[in-house]
């Protein structure tokens with residue numbers, strides 16, 4: 001992988017998706033609740049396995065075609081924007097600079113300790129709680145591992161990082177826990193309760209209504225916006241979440257769930273069976289997984305989501321591994 005001559009990058013390259021999942025799990029208690037699930041989601045959206053397959057391929061385009069990749073699947077094309085759904089993204093320029101400098105020190109303490117140390121330093125510089133820096137700092141280390149020091153050390157692109165967030169981190173967490181009012185006599189209603197699905201928290205107006213127990217992709221079929229122009233994977237008339245089959249067969253509609261998983265239906269067996277085939281390495285398998293297929297997910301309350309920037313079937317990479325193992 002790129003820049004493996006750098007001591008830190010070489011060290012980071014030893015972590016596969018399962019290894020990163022363990023690091024993020026160790027850091028969860030230090031991450032502000034606003035970014036706990038978001039941090040897990042980022043590492044699921046940008047798996048090491050996919051990056052490795054593309055960077056080591058003699059023909060990356062052919063590999064992408066084999067894996068039926070659609071959307072923005074290359075982290076190198078979105079280094080400074082990939083984590084914009086994290087509240088801590090507002091500190092990205094400072095975090096990116098600090099991690100790049102840290103990479104020159106050659107420190108070999110445990111990775112979680114390195115992440116905490118850099119987060120503390122940046123928190124002091126920007127006068128913010130350390131908990132708001134830990135998640136985005138972990139993302140910076142993960143980004144460095146995949147894109148290499150040469151790309152990563154470039155100054156962050158100019159922009160208004162985090163400027164779209166209008167509320168504090170605590171307010172956002174509180175809002176995620178709330179549900180839409182059903183009116184004065186709402187407590188008497190057993191059906192047709194209406195809730196809100198937000199699919200881009202940091203941008204006003206990115207939401208749609210859902211009837212209780214309706215699946216999320218069907219609820220998202222709104223026609224007042226040209227979602228296809230925003231994301232070519234979104235078919236006209238199908239809403240902001242890319243979807244092709246609604247049967248957990250295509251993997252197009254995978255999303256990250258930022259809000260409480262208790263407001264959505266648990267994963268059914270079909271979804272569970274297909275998780276890793278579509279590429280959700282490291283952060284699946286539990287009932288409250290932050291990674292879900294929207295077509296299989298029904299909601300009974302307000303839900304905050306983030307749409308994956310790509311979709312594909314990277315489970316096909318396992319087919320080669322199984323073939324090699326069988327032949328040996």
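The values are calculated or read from the model by the stated rules, or taken from the named source; none is laboratory data. This one's a predicted model, so the numbers in the text were calculated from it and none came from an experiment. Ideal geometry is used to build each Cβ from the backbone, glycine not excepted, and the neighbour counts take in all protein chains shown.
Structure notes:
- Test: residue in region 18-26 that is in contact with a strand residue (DSSP E or B) (Cβ under 9 Å, 6 or more places away or on another chain) and assigned by TED's automatic domain parsing to the domain that holds residue 112: no
- Scan of region 21-41 for residues that are part of a helix (DSSP H, G or I) and farther than 14 Å from residue 290 by Cβ, ordered by number: 22, 23, 26, 27, 29, 30
- The residues of region 154-175 that are crowded, with 17+ Cβ neighbours inside 10 Å and at pLDDT below 95, listed by number, are 161, 165.
- Complete set of residues in region 228-244 that are on the phi < 0 side of the Ramachandran plot, over 21 Å from the mean Cα position of the chain (by Cα) and part of a loop (DSSP other than H, G, I, E, B): 235, 236, 238
- Residue check for residue 266: more than 28 Å from residue 224 (Cα to Cα), surrounded by fewer than 23 Cβ atoms within 10 Å (Cβ to Cβ) and without any contact (Cβ under 8 Å) to a residue 24 or more places away in the chain: yes
- Condition check for residue 265: under 25 Å from residue 43 (Cα atoms), touching a helix residue (DSSP H, G or I) at 6+ places or on another chain (Cβ under 9 Å) and at pLDDT 90 or above: yes
- Members of region 152-170 found to be within 27 Å of residue 6 (Cα to Cα) and in contact with a helix residue (DSSP H, G or I) (Cβ under 6 Å, 6 or more places away or on another chain), listed by number: 152, 153, 156
- Answer residue from region 279-306, given it is at pLDDT below 85 and surrounded by 24 or more Cβ atoms within 10 Å (Cβ to Cβ) and is farthest from residue 173 (Cα to Cα) among those: 279
Residues checked against (1) more than 21 Å from residue 251 (Cα to Cα); (2) surrounded by fewer than 19 Cβ atoms within 10 Å (Cβ to Cβ):
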| residue | (1), (2) |
| --- | --- |
| 194 | yes, yes |
| 197 | no, no |
| 200 | no, yes |
| 211 | yes, yes |
| 216 | no, no |
| 219 | no, no |
| 226 | yes, yes |
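- Qualifying residues in region 232-246 (those that are in contact (Cβ under 8 Å) with a residue 60 or more places away in the chain and touching a helix residue (DSSP H, G or I) at 6+ places or on another chain (Cβ under 6 Å)) - the one surrounded by the fewest Cβ atoms within 10 Å (Cβ to Cβ): 240
- Matching option when the condition is in the same structural domain as residue 140 (by TED's automatic domain parsing) and farther than 30 Å from residue 277 by Cβ, among 90, 37: 90
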